[in-house]
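Q: Below you will find the structure I want to go over with you.
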Amino acid sequence: MEAKPEEKAEIEEPEIEYVSYGGEHHLPLIMNLVDQELSEPYSIFTYRYFVYLWPQLSFLAFHKGKCVGTVVCKMGEHRNTFRGYTAMLVVIKPYRGRGIATELVTRSIRMMMESGCEEVTLEAEVTNKGALALYGRLGFIRAKRLFHYYLNGVDAFRLKLLFPPPRQVL
Amino acid sequence: MADKPVYEEASIDGQPPKLASIPASDTTVWADASPLLQAACAGLRDGELIHGDNFNLFAAMSALEIMDPKMDSGIVCTYYSIDEAIENGAAPIPISLDSTIDVRCTIDIMDHLLACEAAWHKGHSLAQTVFSCIYLLRLDRTAPHALLHSYCRIIRATCKAVVSVVSDARTHEEEDLFTMTYGLPLNGDGDDKCLSILNAVEETISRQLRACKATSSKRRLPEDLEPLQSNPNLEEGFCKALLCRLRFRKHFFHVLSCMKRPQGRGLESARKHIASCLTELESILKSADFLRSCFDESCEGDIDDKTTASGFEPIGFDAMLNSRLSAPTPPRAIKILSWKKAVEYFVKLLHDLDVICSYSLDPHLESLLRFVVQFQKSQPDLVARSHLQLLLVQDGKLYGRDPFFAVINKAAALPEATKNHDIQKNESFLQLGMLVMNLLKILCTNAAWQRRKLGKFLQDWRVIYVQLELAFRNEYGEVSSSSNDENKCMKIFQHILLWVEEQTYWIAFRFLILGFELELYSTGEYCMVYWYLYAVLIKLTEKTHLMMAVSHDTAKRKGKKKKDSPKDLARESRIPPAVLFLQCYICLAEGLTMMLAALRNEIPVFHSPSPFNTEHEKFVQHFELLQRACIPDHVSYPSYKESTTHARFSTLAMYNYFKDAQRIAKEVKSSFSNDPERLAELRKLEQVAEHNSVAQNVICRLGALDPSLKVSFEFSHHPFFATVVVKRS
């Protein structure tokens, strides 16, 4: 998620359009982005699992009709906690460093909060400074370190965001 | 798969002949499923999914796409099977008909195996590393080649021994990939004789070396002995290169055998073999010059990346042959360590093992805990850590020798006679013994795993304290005059209760500081962490001090001191050095808390609220396990806020905790003159205190006035007390 000075796209901030997952037509866009940028192999079923069961938690970012970023999430009961999980987050290289990822994540987290989640979690490589800064700014803490979590031997942090208890209406 | 592979002829439509196809067997036959698959594809529209009782979207995620190289570990890369690889000449015996090349290739195989072994130790599967060697997968066929055969045998026996040690340690860390040996031929008949087989080969080569040296010096006629290989100019170099490699394996195997002996009986012998291993590794490194220069052809690429000393690619390895055995991981090409890095790995491993073998098996738990903590600082790998754990905890006893109640008895400063008291049969005391045993095992695991386990462990220690306290109150609620034995029991309870508290706070302290080592805290969280650390340290110091006073009483009662000399009285009123050490920690923690609080309260950029939660939630998350176990009592987010909300640069200027820390560190150094490790830490603490004291002065004077002031926190001197760095941009 680091800003790369070369091949930066020329855009004005309001030109980025954020859209909630709208159906089958969005699926190939998400798949192409993730396949391109992330190293984990996902079958189409993995994508379907997320976007079918929780379409309201996946968002896409468009610039002039082109899909430039996406976030894919889920939520559910986990050991007596209702918890959200961010599975994939991608923004293509020329569009990084502009807060698009932050906006995508913020929208999904807001949706999770409104849906009654008590916390949100995800894993990130300990070397992924950009992701750690992004999530840190949103209120995530590094709850655990997972030794050699990734196949290339890199450790991961389990990041967790705890929502404050809902305000009581007086 | 007994049939020979079938080569298909070119098909009618002119497509090139396929590679050797997978043969049908007696009970199987091939059928073309393409029409069926096509019909199935047509049967579903985009977005439709078959839904059954046992098959839903979640289950569907486990699907993998056949022939996708990222997912399908069954893809045939070069050969379908080991047999096919062998039949195609992938692992020839002999390797070459030219004896010189054969010897060089054998050395390459030995070097590559060492690199594979190091890669395995570092966290890859055995199947993709050591057992990517086709010679090892079919060891029996190497019998005509004595050198290769003996080397492969000892490798196999060594791997088996190492797997056994790590399995026995049973820590179930994330490294459980290490012990997966399913389908691999790890148990060989006759492997127990591997050393004698190796010795025989070593003996032959030694004689060959003597012979070639004798020829060159023309001292006497050589024995009627065939040389190792055909080029007399290279004979000495090759003999030496082989001997150090064989001897390394022999000594390494001995190290493992010696360290396995119960109650640490083999440690001294192990040290001798470790020293020999290190010597041979040096010789192995030196042999690289010879091996690189003995042939005219030079190898391509960066020599430092190569997995062999000569730089040539080894013959007889195929990592994909075992890809089906490497599952559950998806098929990934793994990077085998370079040969140089592999040697470095083994040098480090041997040094770590040597530290373990040098340990005096101190029956004092406190010293043992410090030894383990110190050992972990060098970041030993799994194999070394497993060995340490098995040394410490055997047959439910410390070092296989001391029952844990006796260990606790000593740690709690009870008289020696008490260790045989019947009270140890009490359920709570039995459980306490288990907790100490588990604590030792946990302290031997990797830092990330260790911290998680320690956090959960706090609850167990709290519960045992409550149980013991309850039992104590039930028995001795109101005691006026009691029998001698009742007095003894009461004393046991009192001492052990105090000791349990001290131990619990020590675990909490370790849990908190490991967070720094693991980089779990962001700068914005340091204030609350140091505050909590301060709270824990206060309690730990209190209990440690009490424990020492109680221990002093026991020593007195033992009759060591009949009368209190003035010197003794003076010493009694002095604070023990160990307690002063902790007080130094306290000052630093307090100083950092206040400084961070003041920065937060005075400089806007230090206080960055997040859109979704507040500092309260972060506090709850970081300290949940401690809070749940009430460690310490009466510590909460509101009390944290109360302590820090009024911190300002003006209040900071009123008291410099860092100066206190500096003073204490200076004073107490002389008491630790015999303890190099604590002395070294005191020096580091002094440096932190000095730097931070200066930084505090700068911040107080300029902080509110100079907006360009940049304050950062670095762990340049001490692993968990940050050094404050102030810069003006």
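Q: For the pair B:E65/B:D192, report the inter-label distance in nm, with labels modelled 7 Å from Cα in the Cβ direction.
A: That separation, rounded to one decimal, is 5.3 nm.
Q: Now for a different question. Apply 1/(1 + (r/R0)^6) to the Cβ-Cβ distance of B:Q374 and A:T127, taking R0 = 25 Å, and write down the FRET efficiency to the nearest 0.05. Mind dumping the intermediate values first?
A: On the way: r = 28 Å, r/R0 = 1.12.
For R0 = 25 Å, the calculated efficiency reads 0.35.
Q: Relative contact order of the range A:16-122, please, whole-number percent, based on alpha carbon pairs below 8 angstrom and at least 6 residues apart.
A: Answer for the range A:16-122 is 26 percent.
Q: Peptides B:225-237, B:519-531, B:33-45, B:668-680: what's the order by average Cβ count within 10 Å, highest mean first?
A: Output ranking for B:225-237, B:519-531, B:33-45, B:668-680: B:519-531, B:225-237, B:668-680, B:33-45.
Q: HN-Hα J couplings of the range B:226-234 from phi, Karplus 6.51/-1.76/1.60, θ = phi - 60°, integer Hz, Gly and Pro as x?
A: Result, rounded to whole Hz: 5, x, 4, 8, 8, 9, x, 5, 9.
Q: Name the most mobile residue of A:H26, A:H63, A:H148, meaning the one with the largest mean-square fluctuation, in a Gaussian network model of chain A with Cα contacts below 10 Å.
A: Its mean-square fluctuation being the largest, the pick is A:H148.
Q: Now for a different question. Which stretch or stretches of the range A:72-86 have amide N atoms under 15 Å from the point lying 7 Å from B:R628's Cα along the Cα→Cβ direction?
A: A:78-82
Q: For A:H78, list long-range residues whose amide hydrogen, built 1.01 Å from N in the peptide plane, is under 5 Å from its own amide hydrogen.
A: Residues meeting the amide H criterion: A:R83.
Q: At 0.36 nm per residue, and after removing the present C-alpha to C-alpha distance, how many nm does the segment from B:T204 to B:L57 gain when stretched out fully?
A: 46.5 nm
Q: Out of all DSSP beta bridges in the range A:16-122, what portion is antiparallel? Express it as a percent rounded to 5.
A: Numbers: 20 of 23 bridges.
Antiparallel bridges make up about 85 percent of those DSSP assigns within the range A:16-122.
Q: What is the helix-to-structure angle for B:427-443, meaning the angle in degrees between its Cα long axis and the longest Cα principal axis of chain B, kept from 0 to 90 and rounded to the nearest 10?
A: So the helix axis and the longest Cα principal axis differ by about 60 degrees.
Q: Most fluctuating residue of A:V154, A:V126, A:V91 in a GNM of chain A with Cα springs under 10 Å: which is it?
A: Looking only at A:V154, A:V126, A:V91, the largest GNM fluctuation is found for A:V154.
Q: Near the amide H of B:D362, under 5 Å away, which other amide H atoms are found, from residues 5 or more places off or on another chain, if H is placed in the peptide plane?
A: none
Q: Treat every Asp and Glu Cβ in the range A:23-170 as -1 and every Lys and Arg Cβ as +1, leave all other atoms uncharged, and give the resulting dipole magnitude about the Cα centre to the nearest 20 debye.
A: Result for the range A:23-170 is approximately 440 debye, rounded to the nearest 20.
Q: Based on the Cβ-Cβ distance of B:E475 and B:K419, what FRET efficiency does E = 1/(1 + (r/R0)^6) give at R0 = 30 Å, to the nearest 0.05?
A: That gives a FRET efficiency of 0.90.
Q: Taking Cα atoms, how many degrees apart are the long axis of helix B:34-43 and the longest axis of chain B, rounded to 10 and kept between 0 and 90?
A: Its long axis makes an angle of about 40 degrees.
Q: Divide by every residue of chain B the summed helix terms, -39500 (n - 2.57) for each DSSP H run of at least 4, and state the resulting mean residue ellipticity at 222 nm, rounded to the nearest 500 deg cm²/dmol. Before the final figure, lay out the partial values.
A: Details: 25 runs with 420 residues, N = 729.
After summing the helix terms and dividing by residue count, I get -19500 deg cm²/dmol.
Q: A further question on this structure: Can you tell me, using C-alpha contacts under 8 Å and at least 6 residues apart, the relative contact order of chain B as a whole percent?
A: 10
Q: Which Cα, out of B:Q38, B:H145, B:V668, lies furthest along the positive dipole direction of chain B (beta carbon charges, K/R +1, D/E -1)?
A: Of the listed residues, the answer is B:V668.
Q: Which value in nm describes the separation of the simple spin-label points at A:K93 and B:A214, placed 7 Å from the Cα toward the beta carbon?
A: Each label point is offset 7 Å from its Cα along the Cβ direction, giving 6.7 nm.
Q: Measure nothing but the geometry: give the 0 to 90° angle between the long axis through the Cα atoms of B:146-169 and the longest principal axis through the Cα atoms of chain B, rounded to 10°.
A: 30
Q: Hey, another quick one. Determine the gain in length on full extension of the stretch B:S670-B:Q263; use 0.36 nm per residue of separation and subtract their C-alpha separation, reporting nm with one decimal.
A: 142.9 nm
Q: I would also like to ask the following. State the extension gain, in nm to one decimal, for the chain segment bounded by B:R683 and B:D26, taking 0.36 nm per residue of separation less the distance between their alpha-carbons.
A: Using 0.36 nm per residue and subtracting the Cα-Cα distance, I get 228.9 nm.
Q: Set the Förster distance to 30 Å, then compute FRET efficiency between A:N32 and B:R324 from the Cβ-Cβ distance, nearest 0.05.
A: 0.50
Q: So, one more: Among bridges DSSP assigns within the protein assembly as shown, what percent are antiparallel (round to 5)?
A: Within the protein assembly as shown, antiparallel bridges account for around 95 percent of the total.
Q: Also, I was wondering about something else. So who's got an amide H within less than 5 Å of the one on A:L146, skipping anything under 5 residues away but keeping other chains? H placed 1.01 Å off N, in plane.
A: Amide H neighbours of A:L146: A:A156, A:F157, A:R158.
Q: Once label points are set 7 Å from the Cα along Cα→Cβ at both B:S81 and B:L36, what is their separation, rounded to one decimal in nm?
A: 2.3
Readers should treat all values here as calculations from the given coordinates under stated rules, not as data from a laboratory. Here the structure is a predicted model, which means the values were calculated and not measured. So basically every Cβ, Gly included, is an ideal-geometry build from the backbone, and we count neighbours across all protein chains shown.
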